[in-house]
1. Can you compute the modelled spin-label distance between R89 and A353, with each label point 7 Å from Cα toward Cβ, in nm?
2. Can you work out the FRET efficiency for the pair K69 and L335, with r the C-beta to C-beta distance and R0 = 22 Å, to the nearest 0.05?
3. Using the beta-carbon distance between S228 and V327 and R0 = 30 Å, what value does 1/(1 + (r/R0)^6) give for FRET efficiency, to the nearest 0.05?
4. Lys and Arg at +1, Asp and Glu at -1: add these up for the other residues within a Cβ distance under 11 Å of T322 and post the number.
5. Need the full-extension length gain, R98 to D138, defined as separation in residues times 0.36 nm minus the C-alpha distance. One decimal, nm.
6. Mind ordering 299-312, 68-81, 142-155, 109-122 by average Cβ neighbours within 10 Å, highest first?
Amino acid sequence: MKRQKCLRDIAKATDREPARLSEAGRRPICRLALLIGALLIPAAPFRAQQPQISVQVKAVNVLATVRDKHGQIVSNLSKDDFVLEEDGRPQTISYFVRETDLPLTLGLLVDTSLSQQRVIEQERAASQSFLSNMLRQDKDQAFVIHFDREVELLQDLTSSVDKLARALRLLEISQPGQNNGGSRSGQGGGTLLYDAVYLASNEEMKKQQGRKALIVLTDGVDRGSKESLEAAIETAQAADTVVYSILFADDRPFQLPRGFGMGGGGGRRYPQQERPDGKKVLERMSKETGGRLFEVSSKQSIQQIFSSIEEELRNQYNLGYTPAADVGPGYHKILVTTKQKDLIVQARDAYYATP
């Protein structure tokens, strides 16, 4: 079955077409569409797997990074040093690993909208270096997604640094009026940030085990997503995925090509007065999933930021507990602290229990 037909058939089976990865043709992603169909279309094989899924949510795992008041990572704590609460009730930590050696799954999400045109080369080079240093052969894996007016999977999960490097070379800035698949777009532009995080969490991360982290390179301004910021955050939390945000903003105004814009007349500058606060968006997304927001500046290069993320990923605590039997489905708050009051714990602040 051709990719185009596969995606079209699944779209017909839904009342509302959800945000989905593009089938622009650079990588076969029909299997991702089939996954969406399996989740939306009742089928006997899928129903048979539901009991297994419900069992897996009994235990809750929380990855935590601890820093002292000077911002230095603390890696010598024991289980007894931590305090964990769910919905305000103390929990017994039944599983604890320091400096975890669990497999790592990384998702690299790169903004290729017009606002990133002056920084894309720096992002490409730093991303390739980070993945080369971070991935352990045959143990860790990563995937690459770009997003602008569409969300496209450039490389599915792999441990091959060479394949990931080839995917990064495919990154290119979206041109006005044309999507990366070569067809005309009805909109002047778009930055589907929320859709990208939602899809990466729901279609890639959700079915993976071990440690999981998304690294998002963007200015934080979403334009045109079908999913909301809240939905993106909740889906990442449900997939036990940490989001690291790298704010790479080009504050210099840029001139859009002639003919692009409302009415098709002449070039115009980006409407700064309508621009959302991308930093606040990324800060919230990272904080609520247990990650961090970094901002590229003259004092902190993107290479230094990737080094900081690498250090965190190599110095995490994995805490596990079993919620009380009377805990119902839905959203539950998590709070992880230490008995040493001057230490700062970075961890996700919620999880989702399914029926």
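Only the coordinates and a few stated rules stand behind these numbers; no lab work does. This is a predicted model, so every value here is computed, not measured. Every residue, glycine among them, receives a Cβ derived from its backbone with ideal geometry; neighbour counts consider all protein chains shown.
1. Placing both labels 7 Å beyond Cα along the Cβ direction yields 0.7 nm.
2. According to the calculation, E is roughly 0.70.
3. The pair S228/V327 has a calculated efficiency of 0.70.
4. For residues surrounding T322, the net value is 0.
5. Extra length from R98 to D138 when fully extended: 12.2 nm.
6. 142-155, 109-122, 299-312, 68-81
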